[in-house]
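Below: one structure, written as structure tokens.
The values are calculated or read from the model by the stated rules, or taken from the named source; none is laboratory data. This one's a predicted model, so the numbers in the text were calculated from it and none came from an experiment. Methodologically, a virtual Cβ is constructed for each residue, glycine included, from the backbone with ideal geometry; neighbour enumeration extends over all protein chains shown.
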Amino acid sequence: MCAAIGAPLCLWWCARGLAQSECRTLIALLSAALLLRIALVAVQFLKGLPLHNDMTAGALTGDESYYLTRALRVRDLMLGYAGTKYDYFVATDAYGQTSYLSLLTWLQVIFGPTPYSMKIVNGLLFVCGGALLFRVARAAFGPLAAFAGLTVLLFLPSLFFSSVTLLKESSYFFVSSVFVTASWQVLSRLRSGSRAGAMVPMAAAILCLLILDGLRRGALILMGGGLLTGAAIWLVARSRTHLIAAAGAAVLAIGATLFVPAMHDRALDAIESAARMHGGHVFTVGHVYKLLDEAFYVSPGAPLSWDLTLSDAEAARFLARAAISFVVTPWPWDMRSTGELALLPEHLLWYLVILTLPFGVVAGWRINPSATALFLGFALPTAAVVALTNGNVGTLFRLRGLVTPYLLWISAVGVCAIGERLASGVHAPDAAVAEGPAL
């Protein structure tokens, strides 16, 4: 009931300030996305009806069931219901202990068991997060690219289904969207000379970083590093002088890493640590893929205790395979399960996003360099971490969704630019690198 009351207010707030036609279109698009998610939850509820009792939630499986039953155990202990030592063990287990679990637990205490209504709340959070990113893309790139990116984001199958689970994905996406929006406002107001106006969004961005750090381990570094990466891309690419200086600094850093023993050993240790985490995914059930040479997988080991030593050539091959695998894995002819085959259309769309991304970067830079740099900045660090530490196809599909939203809008700009070029049939003169009118 709270979600039903809050949903119209959230959608109205997301569409405020737009032209009347755009406001109607946005509210209709967001409403359709939310109603389809509610329908999916209703189907799950009806499907699970024969199994509903005080011991199971029917359609819930895997991590969803673990999160909910753990929250319900804490609720029972708080309210004085019968419990065992095992309940205390599960309630205090360090595994999976996040701020989202605390939120889920308190909602069970306040509202009672919420195996399905919480899914609707998460769906609303995801839709609102998409609307926030839409506002940034609308201001930066114009309505056509913004609406195109939002439409794909809201109805992309993997993101659609993950947004109505009991997991933390929707909460993480919503808080990340707030952080991106606040960072965009800070940069815009500082660029316009309004330092006082940047204080409120700056405070909001800092608060979001603290919340993200509680939601996912390392999220503070990833999102903070994304902001710094975006700012660095924007500053470096503003002029040829900056580009030459950055290229020289990169060459010096690579040379120091290769020839200074202390830096070389530190870099190799970091790569080996990432390779051990990758091995932890490979040595599990499911459809796995390998990034190291085959000889390293002969003797399995836990990530922390795996005796792994890489040479420079082996580390270089690991990095190259990680980058390629993040983009292309799994190849369509390597898909095994029914679930993977069901995601084949989305996977082909992912290839299209990657192919049009360079066109989007060029077109986006001509229209709005700061927004293009910001979206790239938030995507690159997370993509690098996922590429280097993952080794399971199913996990790759899920974690690649962390960077997909940012790449979608850049790709949408590229598709619009290609369509405009094909429609006009003439080559437009190169524009200066400056903020230009949106598409």
Test result for Thr389, within 29 Å of Ala182 (Cβ to Cβ), hydroxyl-bearing (Ser, Thr, Tyr), in contact with a His (Cβ under 9 Å, 6 or more places away or on another chain) and modelled with pLDDT of 85 or more: yes
Considering residues of the range 302-330 that are under 22 Å from the mean Cα position of the chain (by Cα) and in a loop (DSSP other than H, G, I, E, B) only, the residue surrounded by the fewest Cβ atoms within 10 Å (Cβ to Cβ): Pro330
Test for Arg266: is it at pLDDT 85 or above, of a type in the set (D, E, K, R), surrounded by 17 or more Cβ atoms within 10 Å (Cβ to Cβ) and part of a helix (DSSP H, G or I): no
Identify, by number, the condition in (1) within 15 Å of the chain's Cα centre (by Cα); (2) small (Gly, Ala, Ser); (3) over 28 Å from Thr98 (Cβ atoms); (4) surrounded by fewer than 18 Cβ atoms within 10 Å (Cβ to Cβ) that Gly149 doesn't meet. (4)
Among (1) more than 19 Å from the chain's Cα centre (by Cα); (2) among the aliphatic types (A, V, I, L, M); (3) surrounded by 12 or more Cβ atoms within 10 Å (Cβ to Cβ), where does Val393 come up short? (1)
Looking at Tyr86 and the list (1) exposed (fewer than 14 other Cβ atoms within 10 Å of the Cβ); (2) part of a loop (DSSP other than H, G, I, E, B), which single condition is not satisfied? (2)
Quick check: anything in the range 37-54 in contact with a strand residue (DSSP E or B) (Cβ under 9 Å, 6 or more places away or on another chain) and not in a helix (DSSP H, G or I)? yes
Can you tell me which residue in the range 1-36 is nearest to Ile120 (Cα to Cα), limited to those that are without any contact (Cβ under 8 Å) to a residue 60 or more places away in the chain and not in a helix (DSSP H, G or I)? Met1
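If I filter the range 112-129 for residues that are without any contact (Cβ under 8 Å) to a residue 12 or more places away in the chain and farther than 30 Å from Pro369 by Cα, do I get at least one hit?
Yes, the conditions are met somewhere in the range 112-129.
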With respect to Leu243, is the statement that it is more than 26 Å from the chain's Cα centre (by Cα), in contact (Cβ under 8 Å) with a residue 40 or more places away in the chain and either surrounded by 15 or more Cβ atoms within 10 Å (Cβ to Cβ) or closer than 23 Å to Asn368 by Cα (or both) true? no
Determine if the range 225-235 includes at least one residue that is of a type in the set (Ser, Thr, Tyr), farther than 22 Å from Ala139 by Cβ and part of a helix (DSSP H, G or I). no
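Just to check your reading of the model, which residue among Ile254, Ile271 is farther than 24 Å from Asp334 by Cα, outside any loop (DSSP other than H, G, I, E, B) and in contact (Cβ under 8 Å) with a residue 12 or more places away in the chain?
When all the criteria are applied, what remains is Ile271.
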